[in-house]
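The next block holds one structure in the form of structure tokens; read it before the comments.
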Amino acid sequence: MNSTIDLRGLGVMVTRPAHQAEPLCQLIEAAGGRPYRFPLLEIHPPESPRHILQSQIERLTEFDMAIFISPNAVERGIKLVLEQGSLPGKLKLATVGRGSARLMTQLLGRKPDICAPPPFNSEALLTNTGMQNLSDRNIIIFRGNGGREVLAETLRSRGAKVEYCEVYRRTCPDTEPTTLTQAWEQGKINVITITSGEGLRNLVHLAGSVNRHWLFQTPLVLINRRLAALARELGFNQQLLITNEASDSAMINTINTWVTQQTTS
């Protein structure tokens, strides 16, 4: 991390799922900030019966490529695979984010064959040369329940046959609005980090009408412009801080730039 980053006294709301929040919290603390942990998503086992998932894993030899959407997809998908044997040698592996790529390397001792370039999203993955001519290729996408369809739709338009393997389920936490009210009144929330559209919608839902007056005026740190458009649609009218990539370090740098601007203006 850049040694010039100074977030002294700043309350940063970290909204990643609880088991994925600590790296960002540690960066905030190292810069003198105060992380406020408020998960907007919970990760649970998938709704699909286990025997259905096992059947998909047994058929991996039929696929040419496996794409892992997220670290959760890597962790849970690879676990399922290893429980039943090993990955087919000819199967190409692709990941969207750098965190997913790192985790895959840790779990398999093998880097993905294809990884999205910056800004590390589905659109960026689709620019890779290995994702262009896909006529009659069979591709399986490991992901959670639901989500964006742009990746699968584009792959199909390029000739691929695409199947989903949903290895986890995202839900909205059951948190009372008063939890946010108290945190705001105590000065724990000066800026909010957001990494997904589902999480942003959950934030508005969990905040309830009682917190709208301050929530919509609190700066958001967002990992792409698509989230910024959604934030405006939902009613956020304060400054939107957009990172140059979907990573913890990019969020810290973006917050630091904003803090610097506030202190010099």
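The values are calculated or read from the model by the stated rules, or taken from the named source; none is laboratory data. What you see is a predicted model, and the numbers here were worked out from it, not measured in a lab. Counting neighbours? That spans all protein chains shown, and the Cβs are built from the backbone with ideal geometry, glycine included.
For Pro49, state whether it is more than 17 Å from Ile139 (Cβ to Cβ) and either in contact with a Ser or Thr (Cβ under 9 Å, 6 or more places away or on another chain) or surrounded by 18 or more Cβ atoms within 10 Å (Cβ to Cβ) (or both). No, not satisfied.
Taking segment 36-64 as the range and being in a loop (DSSP other than H, G, I, E, B) and not polar (S, T, N, Q) as the test, the residues that pass are Phe38, Pro39, Leu40, Leu41, Pro45, Pro46, Glu47, Pro49, Arg59, Phe63, Asp64. Could you say whether any residue in segment 230-244 is under 30 Å from Met65 (Cβ atoms) and either polar (S, T, N, Q) or part of a strand (DSSP E or B) (or both)? The answer is yes, given that some residue of segment 230-244 is under 30 Å from Met65 (Cβ atoms) and either polar (S, T, N, Q) or part of a strand (DSSP E or B) (or both). For segment 111-134, the tally of residues that are touching an Asp or Glu at 6+ places or on another chain (Cβ under 6 Å) and surrounded by fewer than 20 Cβ atoms within 10 Å (Cβ to Cβ) stands at 2. The helices (runs of 4 or more DSSP H) falling completely within segment 125-229 that include 3 or more residues that are among the polar types (S, T, N, Q) map to 177-185. Sub-7 Å Cβ pairs linking a first residue in segment 41-58 that is among the β-branched types (Val, Ile, Thr) and modelled with pLDDT of 90 or more to a second residue that is assigned to a loop (DSSP other than H, G, I, E, B) and surrounded by 11 or more Cβ atoms within 10 Å (Cβ to Cβ), at least 6 apart or interchain, are Ile43/Pro17, ordered by first then second residue.
Determine whether segment 65-84 contains at least one residue that is farther than 29 Å from Val162 by Cα and either touching a residue at least 40 places away in the same chain (Cβ under 8 Å) or part of a helix (DSSP H, G or I) (or both). For segment 65-84, residues farther than 29 Å from Val162 by Cα and either touching a residue at least 40 places away in the same chain (Cβ under 8 Å) or part of a helix (DSSP H, G or I) (or both): absent. Evaluating Met104 against the criteria (1) out of contact with any Gly (no Cβ under 7 Å at 6 or more places or on another chain); (2) farther than 23 Å from Thr195 by Cα; (3) at pLDDT 95 or above leaves one unmet condition, (2).
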